[in-house]
Protein chains: 2
Amino acid sequence: MRLPNHIGIIPDGNRRWAVNHGLRKEAGYTWGLKPGIEIFKICKELGIKELTYYGFTVDNTKRPKAQTKAFTAACVEAVRMLSKEDASLLVVGNSSSPMFPHELLPFTKRKFFGKGTMKINFLVNYGWEWDLSPVHNLDSNTKYYLKSSEINRVDLIVRWGGRRRLSGFLPVQSVYSDFYIIDDYWPDFKKSQLMDALNWYSTQDVTLGG
Amino acid sequence: MRLPNHIGIIPDGNRRWAVNHGLRKEAGYTWGLKPGIEIFKICKELGIKELTYYGFTVDNTKRPKAQTKAFTAACVEAVRMLSKEDASLLVVGNSSSPMFPHELLPFTKRKFFGKGTMKINFLVNYGWEWDLSPVHNLDSNTKYYLKSSEINRVDLIVRWGGRRRLSGFLPVQSVYSDFYIIDDYWPDFKKSQLMDALNWYSTQDVTLGG
């Protein structure tokens, strides 16, 4: 089976899952933590080289306080959990904003844990406009300025929760990505969903726009 | 029914359609011209405000000469056909390259035809890197430089030919777009395919990443 080098994970549907289970919307995020570690372990086992999690975005921070608090805490916890694994961890997002959790500041430079074999990127307070906006002392040798330039091209994006959109996920790294949508909500993650996505991906041609 | 303001059309599958019909690959493109006008007329009737066609890209120009010649000619003809309708026409792409057809140079500034009610954008020799690459005298007031800045945010992207990817289509205008994939090839366009896409779109929430 032809595997992607780099998978982007959009773990959507936590709030809808919570509501379906009679919980408050903001209670959904912690139920996404276990799936996050599970998918890491499966990908590591398969030999996937790079994984990017869509944590939360600048757009998301406009939500009610109870929700922003809950998803921020879940992201901090997810990074803490991943730092117990064999992984190299990088957090990418606007860290000069008060919405960026200070606990994750050390991760804005890539850190290596255990054997550090697998590359993990975690988007936290990420904004596509922030990513693309140029700085003043633009090096004329670079074609464009990209704050997420340490993150490689994404081969396969898997989105849970049924929406068929990127919602601002890494616009440059996603230009050639194949999208796979899973209708179930992220807290209902099952290994078979990822395997279906990988099986589908292996049947796609890779043309990089050619 | 809640309609999108702006639809992006990725008319893929012309070559596969040609091969299936015992034709040479490059013969497929002219069979995409009639669908192009049909979809314009349906959208105009529905009151869609803006339509963007994915003509050809810088990436596509690496294909064999017979193909580049054929899809370039088809794009020139498509713009000519659209210029007989009530539409305002803008061609967006790298026009300083020899791959850009000189016949379309006058359209790199928006031109109005008939009542000029509907906004049509046609991407010709378009490249996402070209679009995003900054210029030297970057106005410090603009957040980022975008050569396609005259094209508005795309609400719905409809792709024919079964591939589930953007292939470099307007990365900035697509950050919040909903994607709808039709497995049939573009020359087999039917009104019902577009109507299915619009019905689906009308059931989606619009959060703009929020």
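For the rotational copy relationship between A and B, the axis lies nearest to a chain A beta carbon, identified with its distance in whole angstrom as A:Pro171, 2. The phi-based Karplus calculation (6.51 cos²θ - 1.76 cosθ + 1.60; θ = phi - 60°) puts the 3J(HN,Hα) values of region B:99-109 at 6, 7, x, 4, 4, 9, 4, x, 8, 6, 10 Hz, whole numbers, x for Gly and Pro.
Other residues within the sphere of radius under 10 Å centred on the Cβ of A:Asn5, judged by their own Cβ, net out at +1 (K and R +1, D and E -1).
Taking the DSSP bridge list for chain B and keeping only pairs wholly inside it, about 10 percent are antiparallel. Among A:Lys84/A:Lys119; B:Lys49/B:Lys115; B:Lys41/B:Lys119; B:Lys69/B:Lys190; A:Lys25/A:Lys62; A:Lys25/A:Lys84, which pairs are too far apart, with a Cα-Cα distance over 19 Å? Table pairs above 19 Å Cα-Cα are B:Lys69/B:Lys190; A:Lys25/A:Lys84.
Loop-located trypsin sites (Lys or Arg not before Pro) in region B:141-210 (DSSP state other than H, G, I, E, B) with a sparse environment of at most 14 neighbouring Cβ atoms within 10 Å: B:Lys143, B:Lys190. Distance between the C-alpha centres of region B:153-172 and region B:50-107: 17 Å, rounded to the whole angstrom. Once amide H atoms are built 1.01 Å from N in the peptide plane, which residues 5 or more positions from A:Phe113, or in another chain, come under 5 Å H to H? Result for A:Phe113 returns A:Ala87, A:Ser88, A:Leu89. Backbone amide hydrogens, once placed in the peptide plane, bring B:Thr52 within less than 5 Å of B:Ile7, B:Gly8, B:Ile9, B:Asn121, excluding anything fewer than 5 places away on its chain. The calculated FRET efficiency for the pair B:Lys69 and B:Arg16, based on their C-beta separation and a Förster distance of 30 Å, comes to about 0.95.
The phi-based Karplus calculation (6.51 cos²θ - 1.76 cosθ + 1.60; θ = phi - 60°) puts the 3J(HN,Hα) values of region A:44-59 at 4, 4, 6, x, 5, 7, 8, 9, 10, 9, 8, x, 9, 10, 4, 4 Hz, whole numbers, x for Gly and Pro. The trypsin sites (Lys or Arg not before Pro) found in region B:53-106 that occupy coil by DSSP, while having at most 14 further C-beta atoms within 10 Å, are B:Lys84. Secondary-structure-derived ellipticity at 222 nm for chain B, considering helices only, amounts to -8000 deg cm²/dmol, per-run term -39500 (n - 2.57) for DSSP H runs with n ≥ 4. In region B:140-189, comparing the full protein assembly with the chain on its own, the residues that lose 50 Å² or more of accessible surface at a 1.4 Å probe are B:Lys143, B:Tyr144, B:Arg164, B:Arg165, B:Val175, B:Tyr176, B:Phe179. Here B:Lys34 and B:Asp184 are evaluated by their C-beta separation; at R0 = 25 Å the FRET efficiency comes out at 0.95. Solvent-accessible area of region B:6-203 (1.4 angstrom probe, protein heavy atoms only): carbon and sulfur portion equals 51 percent.
Per residue, the solvent-accessible area of region B:15-116 (1.4 Å probe, heavy atoms of protein chains only, all protein chains present) comes to 51 Å². For region B:195-210, 3J(HN,Hα) computed residue by residue from phi via the Karplus equation (6.51, -1.76, 1.60; θ = phi - 60°) reads 5, 4, 4, 5, 4, 4, 4, 5, 8, 8, 7, 10, 10, 6, x, x Hz, glycine and proline entered as x. Association of chains B and A removes close to 3300 square angstrom of accessible area from solvent, both sides included, for a probe radius of 1.4 Å. A crude spin-label estimate for the pair A:Leu208 and B:Glu103, with each label 7 Å from Cα along the Cβ direction, gives 3.2 nm.
The values are calculated or read from the model by the stated rules, or taken from the named source; none is laboratory data. Predicted model only: the values in this text are computed from it and were never measured. So basically every Cβ, Gly included, is an ideal-geometry build from the backbone, and we count neighbours across all protein chains shown. To get the accessible areas, we keep the full protein, side chains included, count just its heavy atoms, and leave off ligands, DNA and RNA. Shrake-Rupley method; radii C 1.70, N 1.55, O 1.52, S 1.80 Å.
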